[in-house]
């Protein structure tokens, strides 16, 4: 796993490629939405919109012009927390047109999970939408399990952008979300049974819900490390959310390069619509009691160190 200070990978060789499928992936509550929505401002990127996700009979013109619509509507109509038009993870439409397996698995998906039926459904879904929109890069976002090994099996030339955030911040955000099912314990949450060492750790904590959220982040980071090994090194870029906030232009340029895209005047106009505040990076410090913070630091220490986060 690449650590802080390691050389950054250069842009992939996309010479001769008719188009590129790209996937922004992350644990959830990790800043991947910001990265995805900034990239979607590029005129050479297409994506699944939230209207396509919610509306089974989404009009063809909307589906074909998602990128153009997104880049033209006023910024206030694209912001989270209100009625808006924006890129989507598309789990409803994936559930309808591909399979619930892709939308809501209890474990990560691998190449061994690809059946001919699933391969055909997944190809049809993304290739038809790419053809309709016609952008050189079609970019989709997944959160939770990486799914990268399965996606690589179906789309061998796909590029992956893994967005990482401090696990203590991710856990604090999960605990505030109405859809977070950690209060049901591993028997009823999103990620299936805990591996034995993590189950023992949780039991020893008195079944702390705070610690369970931290363990969920560790569980996902383990899955991302495994998935990364299944994908060619040149097809995988890892960026920390905190680094995007600290150097938005530099990190965004790096991500564009990994997708074979350059910074254009049209993208510059879209990029300036976004606000980046590094004050959000460590906002989790007040979300825990001293005892909870100490327990998280101790539990997550090794995983945090891999990504250069101080304990």
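Bear in mind these aren't lab numbers, they're just calculated from the coordinates by the rules spelled out. Source: prediction; values computed, not measured. In this analysis, Cβ positions are derived from the backbone assuming ideal geometry, glycine residues included, and neighbour counts consider all displayed protein chains.
Once the piece of chain linking residue 96 and residue 283 is laid out straight, how much longer is it, given 0.36 nm per residue of separation minus the C-alpha distance between them?
Extra length available between residue 96 and residue 283 comes to 63.6 nm.
How long is the gain from residue 83 to residue 305 if the chain were fully straight, where each residue apart is worth 0.36 nm and the alpha carbon distance is subtracted?
Value of the extension gain: 76.0 nm.
Measure out, as a whole number of angstrom, how far apart the alpha-carbon centroids of the range 219-271 and the range 160-178 sit.
17 Å
By per-residue mean of other Cβ atoms within 10 Å, what is the highest-first order of 84-91, 131-138?
For the peptides 84-91, 131-138, the packing ranking is 84-91, 131-138.
Among 231-242, 33-44, 58-69, how do they line up by average Cβ neighbours within 10 Å per residue, starting with the highest?
By packing density, highest mean first, the sequence is 33-44, 231-242, 58-69.
Using the 10 angstrom Cβ neighbour count as an exposure proxy, how do 126, 106 rank, fewest first?
106, 126
Among 252-258, 265-271, what's the highest-first ranking by average C-beta atoms within 10 angstrom per residue?
Put in order of decreasing packing, that is 252-258, 265-271.
Can you give the relative contact order of the range 189-309 as a percent, counting alpha carbon pairs under 8 Å and 6+ residues apart?
33 percent
At 222 nm, what helix-only mean residue ellipticity would the chain give, in deg cm²/dmol to the nearest 500, using -39500 (n - 2.57) for each DSSP H run of four or more?
-13000 deg cm²/dmol, from helical runs alone.
Give the Rg/Rh ratio for the chain, taking Rg as the radius of gyration of the Cα atoms and Rh as the Kirkwood radius, to two decimals.
Result for the chain is an Rg/Rh of 0.95.
Can you give me the Kirkwood hydrodynamic radius for the range 22-137, using every pair of distinct Cα atoms, in Å to one decimal?
15.1 Å
Determine, from the Cβ-Cβ distance of residue 181 and residue 157 and an R0 of 30 Å, the FRET efficiency 1/(1 + (r/R0)^6), rounded to the nearest 0.05.
Once the sixth-power term is evaluated, E becomes 0.30.
So what are the range 139-291's ellipsoid semi-axes, whole angstrom, largest first, if each one is the square root of 5 times an eigenvalue of the alpha-carbon gyration tensor?
So the equivalent ellipsoid measures 31, 22, 12 Å along its semi-axes.
Suppose R0 equals 30 Å; then what is the FRET efficiency for residue 293 and residue 119 from their Cβ-Cβ distance, rounded to the nearest 0.05?
The computed FRET efficiency comes out at 0.10.
Given contacts defined as C-alpha pairs under 8 Å and at least six residues apart, what's the relative contact order of the chain, whole-number percent?
Averaging sequence separation for qualifying contacts and normalising by length gives 27 percent for the chain.
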